[in-house]
Each structure stands twice: as structure tokens, then as C-alpha cells.
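Have a look at the structure below before the remarks.
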Amino acid sequence: MREIVNNLFSPNQYIPHGHCYLWQSPLVGLHIVSDLLIAIAYFSIPAMLLYFIRQRRDTPFPKIFVLFGAFILLCGTGHLLEIWTLWQPTYWLSGIEKAMTALVSCYTALKLVELLPEFLALRTPRELEAVNRELQAQIAISELAHQELQQSEQTLQAIVTGTASVTGEAFFPALVQNLATSLDVPYVLVSEIIDQQPQVLKTLAFWAKEQIRANFVYEIPGTPCGCVVDQATLCYYPGPVQALFPTADPLKVLKGECYVGAPLLDKDQHIMGVLCIVGDRPLSNEENAKAIIKVFAARAAVELLRQRAETALHRAYDELEGRVQARTVELANTNSALASEIQERIAAETVLRQQAEHEQLIAAITQHIHHSLDLQEVLSTTVAEIRQVLQTNRVLIYQLHSDGSGEVVAESTGTKWKSFTGIKIHDAYFAQTYLQLYQQGRVQAVADIYAAGLTPCHIELLAGFQVRANLAVPIVQEKALWGLLVAQQCDTPREWQPIEIELLKQVATQAAIAIQKSELYQQAQLEIVQRQQAEDSLKHQVERERLIEKVTQRIRQSLNLEEILNTTVQEVRHLLQADRVLLYQIHADGTGSVITEAVTADCKRF
């Protein structure tokens, strides 16, 4: 291995190449300078190729440039070795380098043969120049199209901005105004077909020379709008449109030269109207204008449908409101009739309930009268039950005396009001004026003492008893006025109902029966007491006679004074049912002593 390295870099068996030049300085110097310059040139070329490839990465066939660089670099290295071998005979190293140069050059040549068709397919500078001119023309066309597109977008944006914020009746005027301004045309109109007249159009908005004009009606036949309606598609007449439609009077008035119109279609593609522009000169951008007209014809159709739907909705709402009002009136009448019927039923039920309560009250009072002989208890129970049924503040029974005065003998009163039980009242005016009327069955029903025409003294009397409304029914017994059954409302006025008056009359009748029954019972009790007293008197008289007879008989049968006296006091105590009976003897000097006595076990004996 060492020998091989020595043969490559420091061989001793060869002589340097300078000996061939006889070491002539001019010749040696010429070869040195020439080879050195060639090497420098060869080394600079690959560097520039590498720099070019790095800067232009889109350069085609970059590998062939690498091969050329390697080939030239090896050639430069060979020239350097030529200078080296002038003094060092490293011919094996120089030969190896030349062999490598041969391999790279041959491989590069083969690659050139392989890539030659592709090299030949590359365009010439003239062809590239032509292509560049064509590209520049296309770029100019694209820029022009882009400008037109931007202009169209700006126009469309201006129209959208002008119409986006308005709806309803203001939409169509805003649409025609913004279309006329954006497309620079003097006339724009949007029309709808009249339902009853399918051959007639009525303008929804008409823009003419910088202002909104009044709407008008025109016939479809013989006009460009008629073609739009018949074909249901966009129609464009660049001019002269008057010559094409000589019978169209609106065109004569407008002096139109060009026309663009688009149909307003509903969801079923039926014609509803027309959106059109009329110009006094040819359009500068026809396609742009047609596209914009088509777009906003669809927008106008949507708005027209919306307005028709809104109109139909308002009409339906009005009809519904009318029907609702009619139904409301009908329901109100029905409700009123039902309310009246309900009130009548409630009133009837109330009357029936009151009648039932009153009947129950009369039955309870009647039963109480039959089961009780205590008049005060009967009267107290009666006024309490009446007050509960009538829901009034006070119910009382007023008993009249023979001198015209009276007394409250029974009363049921609410906790907020005064009680007048046991109070005696003497009113000469009342006795003179009303007693005879009450005895004849007169009923006094006063809803409000201050509005019933009563005398001031009578009002003062009633007000003193806290009375605001008063109902008085007479209690008549055997055609004689016993007293009054009175119901009173103290807090507010009250209209006394006939059923309430009838109740008090029936209760007054039952009270009269109770009073009569009580009086008969009291009279019977008095007779019984009198008879009992007579019987007791007769009994005592018989017993006294029997006692006298017994004492007389003992006196006759016994001569023992003490026994006679003892028997006498015993019989007398038994007859009198007394605790003690004694016989006290008085002496001549005024003193005395108990001779004998009969006494119970509980009493002390003397």
C-alpha cells in the first residue's frame, strides 16, 4: 500500500517533465503561464454555472450543467497537474485524473445525445417574443375584462345599496332611480300586468330624466314589452327601436333608441310584469346592462310577490277581522243572553234556596214551639235564626204595653252594634200614628230611613238605635196587636225583598202562636198552682182538725199532763214540718222555762 502511494505522489523511477524542455526557462515559463491561465479559466466557469443554477432554479436541464461543470473542473485540474509534473514525475496521478476527465466527458456527451431532441424542441427567441406579445395582449384583454367586471360590480353594488334598505311602496322608485343612475340611461320603468286586463301594463315606478314621473297604463301589443311578455325572456334591441316598433306610442314620446327588458316571473314562471330601460343612445356595456337588468328583474319579481302576498294578507286579515268582529258581536249577544239566563237561573236558584231556608226556618220555629213551653227561649231562638238567614245586623221582638209604650223582649245583634234588650221605649207619636195601622196588619219596609219620608222625630228615634234600614211586621194575637217583629240593617241601606217580608210575616204568625201557647200554658200553670194551693190549704186544715181531735182525745184518755204536752208538741212539729216545737211556761215574776219540746236530731235541745 505504501509503495502504491509512493508511485502516485513521489515516484523515483521517472524523470520530471521539465527535462523534456531541457529546463529552458522561456519554454518552461510559457507552459506554466499557459496552463495556469487555462486552469483559472476552467475553475471560474463551473463557479459561474453553479451560481447561475442557484439563482435560476427554474432553468431546464440542471443536471447537464452539473456535468459540464464537473468536466471543465477536471480539465482545469489536468492543466494544474501539467505544471506539477514539470518538477514532480507523478505521471500515474496525472493519468488517473485524465481517465476521470475522459469518463465525465464521455458521460456528458451521451447525455447531450439523449437530451438533444429536447434542446431542439426549445422555442427560439423570436418564437418566445411572439408568445410574449400574445401573452401581453391576453393580459390587456384580461385587465379590460377585470375593469369591466369591477365596473359591473360597482354598478351592482350601487344598485343593491340603493335598494337594500327600502321595501314596500318605496322599493320600486328606488330601484328605477338607482338603475338609471348606475347604467346612465334616461328612462327606467317597472310595470305589472293588470289581472282583469292581461294585455295592459301599469307602471309601478317610472324614472324619466332625473326624476320620478307619474305612473301610467299602456297596452302591451305593438311594444317591445309585448315581446318580453310573449317570450318570457330578456329582450334587447340595440336600435333603432322606434323603427322596429312603429306603433308603440310610448317609444315615440320617450324618443328611445335602444331597449332592454326582462320579465318579472313568479315561482311558476308566469309573467307578472316587466322591468325595462330605454336609452337615447347605444349602451356602452351591453352585456353588463343585460346581466344587471336580469338580476334586478328577479329582485323586483320577489318584491312584487311580497307586496301581493302582503296585500292578500291584509285583505285576509281585514276579512278575518270583520268575521271576528261579527262573531264577537254574535258571541257577545249569545253571552249576554246566556248571562241573562244565568242571572235568571241564579236569581231563581237564590229564590228557591231562600224559600227552602225560609221553609226550614219556619219548620224549625214551629217544631221548637211544639217542643218548648218557654216563651223567652222560643223568641230568642227565633230572632237568632232569622238574623242568620237574612244576614242582617239586628233582629228583635218588640212587645207593646197597654199604655202605648214597649219593651225589647228578644234580640239578636252583631258584635259591632248596640243591644237594646230590656229597654223600655215610649213614643207618643208612634202610639198615636202607627199602632192602629200595625193592628190592621200594616208592614213597614224602609230601605233608608233618610229617604223614606219619615218624620224627623221618627228618624231621630231610629238613628239613635243605629238603624239605617228597617223592616217591621206586626205580631197580632186574636186581633190584638201584641208587638212587632223587626229586622234592621245598621251599616248600609237595604232593599227588603218580598220573599224576606213574607218570611217575617210567617215567622210573626208562628210567634203569635207561640205567644198564645205560652199564655195558655202560663194560665194553665196558674190554675194548677191555685188548685194545688187550695188542696194544700184543705189538707192542712184537715190535718189541723185531725191534730186537734187527736190532742183532745189524748187529753180525754190521759190525766198525765207531761205526756199530754209531749204528744202535743210532737204532733204540732210533725204537722208544721218544723225543726223545733216547744212549750214555754211564763211564771208570775215574768220569768219562764221550757216545759217540753220536740226537736230534730240536728238541733240543740233546751
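The values are calculated or read from the model by the stated rules, or taken from the named source; none is laboratory data. Computed from a predicted structure; not experimentally measured. Virtual Cβ from ideal backbone geometry, glycine too; neighbours counted across all protein chains shown. Each accessible area value is taken on the protein alone, full model and side chains, heavy atoms only, with ligands, DNA and RNA left out. Shrake-Rupley method; radii C 1.70, N 1.55, O 1.52, S 1.80 Å.
Data overview
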| item | result |
| --- | --- |
| Surface per residue (accessible, 1.4 Å probe) for region 447-545, Å² | 55 Å² |
| Among TYR398, ALA312, LEU67 - extreme Cα towards positive end, dipole of the chain, charges at beta-carbon | LEU67 |
| Charge dipole (debye, nearest 20) of the chain; +1 at Cβ of Lys and Arg, -1 at Cβ of Asp and Glu | 1420 debye |
| Those lysines that a straight Cα-Cα span of less than 23 Å connects to LYS517, excepting residues fewer than 8 apart in one chain | LYS479, LYS505 |
| For region 377-472, the spread of Cα positions along each principal axis, largest first, Å | 32, 31, 23 |
| Dipole axis of region 496-554 (+1 Lys, Arg; -1 Asp, Glu on Cβ), positive-most option in ALA512, VAL542, ILE499 | VAL542 |
| Label point distance in nm, LEU576-HIS540, each placed 7 Å from Cα along Cα→Cβ | 1.2 nm |
| Whichever lysines have a C-alpha closer than 24 Å to that of LYS252, once near sequence neighbours (fewer than 8 apart) are set aside | LYS202, LYS209, LYS290 |
| Candidate residues SER94, SER380, SER142: accessible-area rank, largest first, probe 1.4 Å | SER142, SER380, SER94 |
| Rounded to the nearest 10 Å², the accessible area of TRP23 at probe 1.4 Å | 100 Å² |
| Rounded percent of accessible protein surface that carbon and sulfur make up, the chain, 1.4 Å probe | 57 percent |
| Of every Cα-Cα pair in the chain, the percent that sits beyond 42 Å | 73 percent |
| Kyte-Doolittle mean at least -1.0 and Cα axial length at least 15 Å: DSSP H helices in the chain | 25-55, 62-84, 91-121, 125-164, 171-183, 286-371, 375-390, 498-557, 561-576 |
| Area projected by the alpha carbon convex hull of region 31-135, averaged over all directions, nm² | 8.6 nm² |
| Which of LEU576, VAL228, GLN388, positive extreme of dipole for the chain (C-beta unit charges) | VAL228 |
| Cα centre as origin, Lys/Arg/Asp/Glu Cβ charges: region 13-145 dipole, Debye | 120 debye |
| Protein-only accessible surface order, largest first, of GLU478, GLU535, GLU543 at 1.4 Å | GLU478, GLU535, GLU543 |
| Rg/Rh for region 286-347, where both radii come from Cα atoms and Rh is the Kirkwood radius | 1.62 |
| Accessible area of THR366 in the full protein assembly, 1.4 Å probe (Å², nearest 10) | 30 Å² |
| Neighbour net charge for VAL185 - beta-carbon separation under 14 angstrom, K R +1, D E -1 | -1 |
| Accessible surface, per residue, of region 318-358 when the full set of protein chains is kept, probe 1.4 Å, Å² | 79 Å² |
| C-alpha center-to-center spacing [region 452-483, region 197-260] in angstrom | 100 Å |
| Intensity falloff of region 246-395 expressed as log10 I(q)/I(0), Debye formula with alpha-carbon point scatterers, at q = 0.10 Å⁻¹ | -0.70 |
| Solvent-accessible surface ranking, highest first, for GLU411, GLU359, GLU545 at 1.4 angstrom | GLU359, GLU545, GLU411 |
| For peptides 171-177, 43-49, 112-118, sequence by mean Cβ density within 10 Å, most packed first | 171-177, 43-49, 112-118 |
